[in-house]
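Structure record follows, encoded as structure tokens.
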Amino acid sequence: MSVFKEFRAKVKKAVEELPTVISAPEPVDLSRFVVEAPRDPEHGDLATNAALVLAKPLKTSPRNLALALSDRLVADADVAKADVAGPGFLNLTLHEGYWQRSLIEALARADDFGRGGIGAEKKVNVEYVSANPTGPMHVGHCRGAVFGDALASLLAFTGHNVVREYYINDAGAQVDALARSVYRRYLEALGEDPGPMPEGLYPGDYLVPVGESVAAEHGLKLLDLEEAGWLPILRDASVAAMMDLIKADLAALNIHHDVFFSEASLHGADGDIAQMIGELRNRSLVYEGRLPPPKGQLPEDWEDRDQTLFRATSFGDDVDRPLKKSDDSYTYFAADVAYFRSKFLRGFNQMIYVLGADHGGYVKRLQAVGEAISGGKAEVIVRLCQLVKLYRAGEPVRMSKRAGQFVTLRAAVDEVGPDAVRFMMLYRKNDAPLDFDFVKVTEQSKDNPVFYVQYAHARAHSVFRQAREAFPDIVLPISTPHVSEACLSRVNDTSELSILRKIAAFPELLENAALAHEPHRVAFYLYELASEFHALWNKGKDLPYLRFIQMGDEQLTLARLALVQGVAVVLANGLNILGVNAPQEM
């Protein structure tokens, strides 16, 4: 249990024992107050607004209620001081022993420290990346890929039953264009000259090996077929080749999905889309009608005609959505609805979509789909990732998709490594702009967060190596059987106690980050913990009595190694959630 939950329970118990609560004519709602860290550490270790929240229903002043709570809480063995501040805030300062004992939990749980159960095994589907299978992934896909993967890990670590999913857009015009592009590479592999690449096809050299593979498998056979004959063959071959390329790119970034769902599987006369439309029509949620023209200038593809429409406006969307095109084929939106239906039928009650910032218009329509298909039983959450601006030593890296000039995801990973890419993509909130400098993310300095955090973990293990040389009998890593409360009581310098407080806050930090879907909080926290650990190490250089290894005092060394072990445990667990390596040497 985290310190905040533990003391919320204690504050709640103290409130329940107040005479004014016991004699209250009606039950008092005790769910709304919080216990949290004060904004100013000088005010204490914990702060609660319980008196401010409960004063009105108890018909008393907040300050008087805070004073009454203070008298009860200061009697707790773990509370050193309880101060009333302002109109009724209550600040608690805990005894050093509480923080020293809290380290024991981190040592005991080790790899599971911070792991929680707030998810209650709730089935959660996290769909992320889902790039069109028409070429290698570029660095623009990177942020959503890393955010989605870290979010899935964070949710899993806090007790959710998570499935990572990739939606393959393998139906529609872009896949036909890919197949036609590969056909030209197939002709080249046979020694033919197909001429200049037409507008709308994919000119990238990455399709050359695909054309050669097709030629090796089919020889001259495809030359005897009309387009209707070779197009489906090359469509399947092209998508398979591109997905192999995409999976390899993602693996280089340490990203692996559980499910790859094919959009093409939804189509067909008896496919999921047809079934979905029939079900919604039976519920009067699909109808034949005309849409009013959009405000402003009409788009070129707008048609004033009767259409098969989904009543999206009944569920909060801005406009009803077409399910069929003029040629009677299904719209992308129809596939989106059927895809959601598939997720719901597979038992997911929370669906998280990680999309680029340019997909903001999808939020309402996806939420409308979720409400309609599940009858309000499933929650749809859309997380948008802002664009990443690329720099090299402060100079912008120019990219143009239209000109075919872009930095591939693999190139970025190969240049700076997956750890730097992942950590820095998570070092800002997902919906905030992010600058990524290829030079700065490889610097070995405090200004490079990923280096600074990894170096803290490596430094902790260097302390262990030195300790083995100084005290061969000490058992490492330090675990609960090796240290006592009396031993840990010697970890009492203000810098040491500050680190103990930071370690104790880790479980609550993870819960709050998971509830908010904000893995960047973990990255920020790790940097702060690393900073405090490096500062303590540097302090020991100037003040020998604070060094971790005290040659004349094995028990003090053991206590401080326990502190170092606690730091290493938290850094490793946090980095693991972010998908970043925790090195023992650098």
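Assorted remarks:
- Nearby aspartates and glutamates by direct alpha-carbon distance to Lys324 (threshold 16 angstrom, same-chain neighbours under 8 apart not counted): Glu263, Asp270, Asp272, Glu279, Glu288, Asp301, Glu303, Asp304, Asp306, Asp336
- Net charge of neighbours whose Cβ lies under 10 Å from the Cβ of Leu384, counting Lys and Arg as +1 and Asp and Glu as -1: -1
- All C-alpha to C-alpha distances of region 449-578, sorted into 5 Å bins beginning at zero, yield P(r) values of 2, 10, 21, 23, 20, 13, 7, 3, 1, 0 percent in whole numbers.
- Proximal lysines to Lys377, defined as alpha-carbon separation beneath 21 angstrom and excluding residues fewer than eight positions away on the same chain: Lys122, Lys123, Lys343, Lys364
- Relative pair counts by distance (%), Cα atoms of region 131-268, 10 Å bins: 11, 37, 29, 15, 6, 1
- Along the axis of the charge dipole computed for region 82-164 (Cβ charges of +1 for Lys and Arg, -1 for Asp and Glu, origin at the Cα centre), the listed residues Pro136, Ala82, Ile104 are led at the positive end by Pro136.
- Fraction of the pair-distance distribution of region 3-94 above 19 Å, Cα-Cα pairs, percent: 30 percent
- Alpha carbon convex hull of the chain, volume per residue in cubic angstrom: 218 Å³
- Around the amide H of Val407, modelled in the peptide plane, lie the amide H atoms of Val139, all under 5 Å away and 5 or more residues distant in sequence or on another chain.
- Size of charge dipole - the chain - debye, nearest 20, with Cβ of Lys, Arg +1 and Asp, Glu -1, no other charges: 1600 debye
- Quotient of the Cα radius of gyration of region 173-252 and 2.2 N^0.38 Å, N being its number of residues: 1.05.
- Residue-wise HN-Hα coupling along region 188-195, computed from phi with Karplus coefficients 6.51, -1.76, 1.60 (Hz; x: Gly, Pro): 4, 5, 8, x, 7, 10, x, x
- Near Leu434, the amide H atoms lying under 5 Å from its own belong to Lys389; only residues 5 or more places off or on other chains count, and H is placed 1.01 Å from N.
- Spatial offset of region 519-553 relative to region 411-433 amounts to 26 Å, using the alpha carbon center of each.
- For region 56-61, 3J(HN,Hα) per residue [Karplus equation, 6.51 cos²θ - 1.76 cosθ + 1.60, θ = phi - 60°, Hz, x = Gly/Pro]: 4, x, 8, 6, 9, 7
- Here's the list of lysines a cross-link from Lys13 could span, going by alpha-carbon distance under 22 Å and ignoring same-chain residues fewer than 8 apart: Lys5, Lys56, Lys59, Lys81.
- Amide H contacts of Gln350 (H built 1.01 Å from N, in plane; Pro and chain starts excluded): Asn125, Glu379 sit under 5 Å, all sequence-distant by 5 or more or on other chains.
- Rounded to 5, the percent of DSSP beta bridges in the chain classed as antiparallel: 50 percent
- Computed from phi, the 3J(HN,Hα) profile of region 103-115 under the Karplus parametrisation 6.51, -1.76, 1.60 (θ = phi - 60°) reads 5, 4, 5, 4, 5, 5, 7, 6, 4, 9, 5, x, 5 Hz, with x in place of Gly and Pro.
Every number here is computed from the coordinates shown, using simple stated rules; none is lab data. Since we're looking at a predicted model, the values are computed, not measured. Ideal geometry is used to build each Cβ from the backbone, glycine not excepted, and the neighbour counts take in all protein chains shown.
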